[in-house]
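All remarks here apply to the structure that follows.
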Amino acid sequence: MEHDISSASHLFLILVWLMLATPLSAKTVKYDLTVAKTKIYVGNESRAEITINGTSPGPVLKFVEGDDALIHVHNELSVPTSIHWHGMLVPNDMDGVPYLTNLPIPPHESYTYKFLIRQSGTYWYHSHFGLQEQEGVIGAIVIAKKNEKIDDGDHVIVLSDWTHECPSEIMRTLKRGSDWYSIEKGTAQSLVGAIRAGRLWDYFRRELLRMPPMDISDVAYDAFLANGRRVLRIAARPGQTMHLRFVNAASMTYFNLQFAGGRMKIVAADGQDVEPFDRQSFLMAVGETYDVLIRVPAKGAYELRATAQDGTGFASIWIGQGSLHTAPNMPTPDLYRAMGNLTWRRVFALTPQGTMGMNMTLMPMTEHKEPYDELRSLHPTNFASSTQVQTIRLTLDGDMKRYVWLMNNHQLSPRDEIKIKKGYIARVMLINRTMMHHPMHLHGHFFRVLNGQGDYDPLKHTIDVPPMSTVVIEFQADATGDWFFHCHFLYHMESGMMRVVHYEGYQPDPKVEAVRSQLYHDPWYAWGEANVLSQMTDGFLTTSNTRNILTAEWEAGWNNVPNTEWESILTYGRYVNRFLTVFTGADILRMGENPSQIGRGIAGLSYLLPLNFESRAWVDSQGGARFYLDKSITLTPRLALMLEGEYDTHDLWYGKVRMDYLLSKSFSGEVEWASDYEWGAGFGWRF
Ligand SMILES: [Cu+2]
């Protein structure tokens with residue numbers, strides 16, 4: 001009898017334990033995502049893009065907080081892929097960064113991502129492999145709070161940028177320092193443009209400070225899209241309150257959002273609720289999400305327009321039916337003026353610490369900016385005051401000309417991991433020393449943005465660091481692992497602006513660690529230029545990675561000289577910073593009355609002088625030396641005046657003046673006077 005009572009009470013205890021251990025609402029939500037190459041149409045134009053279940057963006061993944069996500073990803077590509085859950089607090093080994101947290105998913109294989117949904121709000125997912133994000137591997141995630149009803153007024157809008165060009169060709173074009181995209185977009189700056197804008201002094205000061213012309217987005221896009229369309233229509237009832245969940249899944253484009261039907265109420269940023277506030281318009285950085293409430297006016301269809309920050313195009317979202325009410329055109333940013341403001345900031349930035357203080361400074365570039373100052377969390381976000389703080393200083397650096405983007409002046413390497421102490425507060429100062437915005441994204445954490453709201457500073461996973469500004473963020477170091485921290489401009493990340501946040505003592509999966517070296521892979525890009533004129537020819541072939549540059553140059557002339565003269569220079573250069581490169585190599589030349597070939601070893605340096613004069617000096621193995629001075633003046637976006645002078649202890653002075661008019665991305669017409677070969681005309685080819 002006693003025995004029976006005991007087993008009954010055991011059974012009861014087990015039942016109670018089971019009830020407590022399994023929350024009633026918890027369920028497993030499964031998705032199957034097939035990543036494959038498909039032809040995508042934008043209007044009448046098509047391009048082979050990568051889709052998820054046949055579309056780009058892929059399906060919206062819907063969950064309820066507390067669910068278990070089970071996502072089977074099937075790779076039908078001929079190359080690997082890997083999916084990252086952007087803004088999601090997943091275990092490190094589900095984060096989808098190839099070679100860091102996961103092995104890439106090989107072609108025609110599948111992988112299952114499994115994680116507990118520990119949050120609610122609007123997030124997204126994208127491929128973290130190569131440049132696949134630009135090719136369309138993007139999609140949204142919507143997570144309802146427990147007991148939250150998502151009604152028919154709730155819509156996800158995924159914004160993106162679209163180009164005909166293959167992303168690897170875009171990367172190579174950027175690497176070779178081509179200005180073509182800014183010419184295509186009509187945002188290229190020139191001397192004549194500066195005079196017309198009344199900004200000659202700003203232009204001169206920029207040159208004096210050795211800055212490149214200001215740019216907002218490095219790539220020229222063919223279209224800007226909302227849910228894969230230039231024009232998206234959303235049905236709505238008059239007077240209805242709509243909940244719009246914006247995801248900026250573009251590769252390189254910030255969007256200005258403006259609604260023709262009234263103000264927008266921002267209720268959440270990066271998935272986290274904020275105290276609601278109204279905005280007429282606001283700027284949205286790459287990688288961010290915003291939840292916005294709008295009220296549909298009584299009559300008509302109203303445009304909500306997402307304009308690319310550089311003003312080169314927009315996506316339209318039409319809400320409601322009836323007569324059309326367009327949103328106003330966003331003024332195109334005045335790059336000359338912005339540049340003027342920034343160069344002053346550059347002057348002031350030369351304080352002992354080289355920073356502008358701890359407060360977030362926003363660029364006075366346009367009236368439209370991120371709503372960061374107003375973001376205020378609904379709940380206190382401060383940490384226990386007893387927690388120890390670890391301060392991390394990260395500079396964002398870059399060289400527009402070689403298209404190298406760095407953090408703390410280094411590319412990603414095992415040495416430069418950011419080592420985090422578990423349990424500490426990591427306070428990170430992000431110091432942007434470049435003339436571009438950088439949307440910095442931290443995986444696996446929310447950080448507080450120190451924006452002056454005190455205990456209610458907002459939580460985010462992505463933050464824009466405007467040009468020449470400092471932003472301070474801090475997070476509780478409580479998620480052991482190796483987390484990626486990078487600029488979410490795809491081509492900036494790909495050219496070096498990324499770091500690994502490593503928790504001290506964390507041991508990654510040995511299988512992933514075995515291929516970690518792939519993460520540090522530093523690809524070489526090759527390009528060249530050939531100029532063929534009636535009296536001479538010159539050009540070069542270059543191949544380069546982040547720090548190393550191999551160049552073969554030639555020059556030959558036949559006019560006004562007794563015999564054809566030629567010279568060939570081969571160098572290996574080591575890039576020190578955006579001003580200085582040191583090199584060594586060989587110089588072979590044939591010239592003079594009785595031509596004979598001379599070969600000599602050379603060693604020297606290239607240095608960028610104030611006013612953007614490029615200088616180069618070398619000494620040679622025969623005890624000689626040479627000095628070059630080059631200057632290129634962009635008169636109009638397509639017309640450049642190039643001046644070159646050189647002095648060699650062997651063959652004395654030589655100089656040339658060339659006018660180059662760009663006909664297309666690759667070709668230009670040229671007229672030149674060279675001191676040895678006199679006048680000539682011809683063509684230039686960049687490849
Ligand atoms: Cu960047």
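Work out how much length residue 579 to residue 630 would gain on full extension: take 0.36 nm times their residue separation and subtract the Cα-Cα distance, in nm to one decimal. Write out the running numbers ahead of the final one.
Values: separation 51, 0.36 × 51 = 18.36 nm, distance 1.40 nm.
Computed gain between residue 579 and residue 630 is 17.0 nm.
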Simple spin-label model, 7 Å along Cα-to-Cβ: residue 659 to residue 541 in nm?
3.3 nm
Kirkwood Rh for region 96-154 from C-alpha pairs, in Å, is 14.1 Å
Neighbours of residue 303 by Cβ distance under 14 Å: Lys/Arg at +1, Asp/Glu at -1, summed charge +4
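Between residue 650 and residue 166, what length comes free when the chain is fully extended (0.36 nm per residue of separation minus the Cα-Cα distance, one decimal in nm)? All intermediate terms of the calculation are to be shown ahead of the outcome.
On the way: separation 484, 0.36 × 484 = 174.24 nm, distance 4.67 nm.
Gain in length upon complete extension: 169.6 nm.
Applying a 10 Å radius around every beta-carbon, put 373-386, 98-111 in order of their mean neighbour count, most first. Please report the intermediate quantities before stating the final value.
On the way: 373-386: 13.6, 98-111: 18.4.
Top to bottom by mean Cβ count within 10 Å: 98-111, 373-386.
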Taking Cα pairs under 8 Å and at least six residues apart, what relative contact order does region 78-234 come out at, in percent?
20 percent
In Å and on Cα atoms, what radius of gyration and Dmax does region 203-249 show?
19.8, 58
Across 175/369; 175/631; 149/460; 175/401, pairs whose alpha-carbon gap is larger than 18 Å:
175/369; 175/631; 149/460
Angle, helix 335-349 long axis vs. longest principal axis of the chain, Cα atoms, 0 to 90°, nearest 10?
90 degrees
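Express the relative contact order of region 525-686 as a whole percentage, based on alpha carbon pairs under 8 Å and six or more residues apart in sequence.
Numbers: 420 pairs, mean separation 28.0, N = 162.
Averaging sequence separation for qualifying contacts and normalising by length gives 17 percent for region 525-686.
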With each label point set 7 Å from Cα along the Cα-Cβ vector, what nm distance links residue 278 and residue 572?
6.6 nm
Determine the gain in length on full extension of the stretch residue 588-residue 534; use 0.36 nm per residue of separation and subtract their C-alpha separation, reporting nm with one decimal.
17.1 nm
Under 17 Å by backbone N from the virtual spin label 7 Å along Cα-to-Cβ at residue 671, the residues of region 489-531 are none
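Quick one: grab the alpha carbon gyration tensor of region 122-260, order the square roots of its eigenvalues as a ≥ b ≥ c, and give me rounded if a/c is under 1.5, else prolate or oblate depending on whether a/b is larger than b/c. Kindly include the intermediate steps, with their values, before the conclusion.
Numbers: a/c = 2.79, a/b = 1.87, b/c = 1.49.
Taking the square roots of the gyration eigenvalues as a ≥ b ≥ c, region 122-260 is prolate.
Which of the peptides 194-204, 274-284, 243-253, 588-598 is most tightly packed, and how do the rest follow, judged by the mean count of other Cβ atoms within 10 Å per residue? It would help to have the intermediate numbers written out before the result.
Details: 194-204: 15.6, 274-284: 18.2, 243-253: 25.9, 588-598: 13.1.
Result, highest mean first: 243-253, 274-284, 194-204, 588-598.
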Please report how far the C-alpha centroid of region 465-517 lies from that of region 244-316, rounded to the nearest whole angstrom.
28 Å
What shape does region 223-325 have by the C-alpha gyration tensor, where a ≥ b ≥ c are the square roots of the eigenvalues, rounded means a/c under 1.5, and otherwise prolate means a/b greater than b/c and oblate the rest?
oblate
So the FRET efficiency between residue 416 and residue 118, C-beta based with R0 = 45 Å and rounded to 0.05, is 0.90
Helix 2-21 axis, angle to the chain major axis (alpha carbon atoms, nearest 10°)
40 degrees
In region 532-590, which chymotrypsin sites (Phe, Trp or Tyr not before Pro) are in a loop and have at most 15 other Cβ atoms within 10 Å, using DSSP for the loop call?
558, 579
Mind ranking 145, 631, 27 by accessible surface for me, highest first, 1.4 Å probe?
27, 145, 631
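Which order do the peptides 500-510, 672-682, 458-468 come out in when sorted by mean C-beta neighbours inside 10 angstrom, highest first? Could you put the intermediate results ahead of the total?
Numbers: 500-510: 14.6, 672-682: 17.2, 458-468: 24.6.
The peptides rank, most packed first, as 458-468, 672-682, 500-510.
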Taking alpha-carbon centroids only, region 142-161 lies from region 630-672 a number of Å equal to 55 Å
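Round to the nearest 0.05 the FRET efficiency obtained for residue 229 and residue 76 when R0 = 22 Å and r is the Cβ-Cβ distance.
0.35
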R0 of 51 Å, Cβ-Cβ distance residue 641-residue 145: FRET efficiency to nearest 0.05
0.25
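Determine the equivalent ellipsoid of the chain by diagonalising the alpha-carbon gyration tensor, then write out the semi-axes as square roots of 5 times the eigenvalues, largest first, rounded to whole Å. Write out the running numbers ahead of the final one.
Values: eigenvalues 526, 171, 117 Å².
Each semi-axis is √(5λ); the values are 51, 29, 24 Å.
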Taking a quarter of the surface of the convex hull around the Cα atoms of region 525-686, what do you get in nm²?
9.3 nm²
Please work out the C-alpha center-to-center distance from region 199-233 to region 444-458 and express it in whole Å.
29 Å
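Considering Cα pairs under 8 angstrom that are at least six residues apart, work out the relative contact order of the chain and quote it in whole percent. Don't jump to the answer; show the numbers that get you there.
Values: 1749 pairs, mean separation 69.2, N = 687.
10 percent.
Kindly provide the helix-only [θ] at 222 nm of the chain, computed as the sum of -39,500 (n - 2.57) over DSSP H runs of four or more divided by all residues, to the nearest 500 deg cm²/dmol? If you can, show how the numbers build up before the last one.
Numbers: 8 runs with 74 residues, N = 687.
Using -39500 (n - 2.57) per qualifying helix, the result is -3000 deg cm²/dmol.
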What distance in nm separates the simple spin-label points at residue 520 and residue 210, each placed 7 Å from Cα in the Cβ direction?
2.9 nm
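Which of the trypsin sites (Lys or Arg not before Pro) found in region 30-62 are in a DSSP loop and have at most 11 neighbouring Cβ atoms, other than their own, within 10 Å? Don't skip to the answer; put the middle values down first.
On the way: sites: 30, 37, 39, 47, 62; in loops: none.
In loop regions of region 30-62 (DSSP not H, G, I, E or B), there are no sparsely surrounded trypsin sites (Lys or Arg not before Pro).
The values are calculated or read from the model by the stated rules, or taken from the named source; none is laboratory data. None of the values given here were measured: they were computed from a predicted structure. Note: ideal-geometry Cβ built from the backbone for every residue, glycine included; neighbour counts use all protein chains shown. Just the protein is used for accessible areas: all its heavy atoms, side chains included, with ligands, DNA and RNA removed. Shrake-Rupley method; radii C 1.70, N 1.55, O 1.52, S 1.80 Å.
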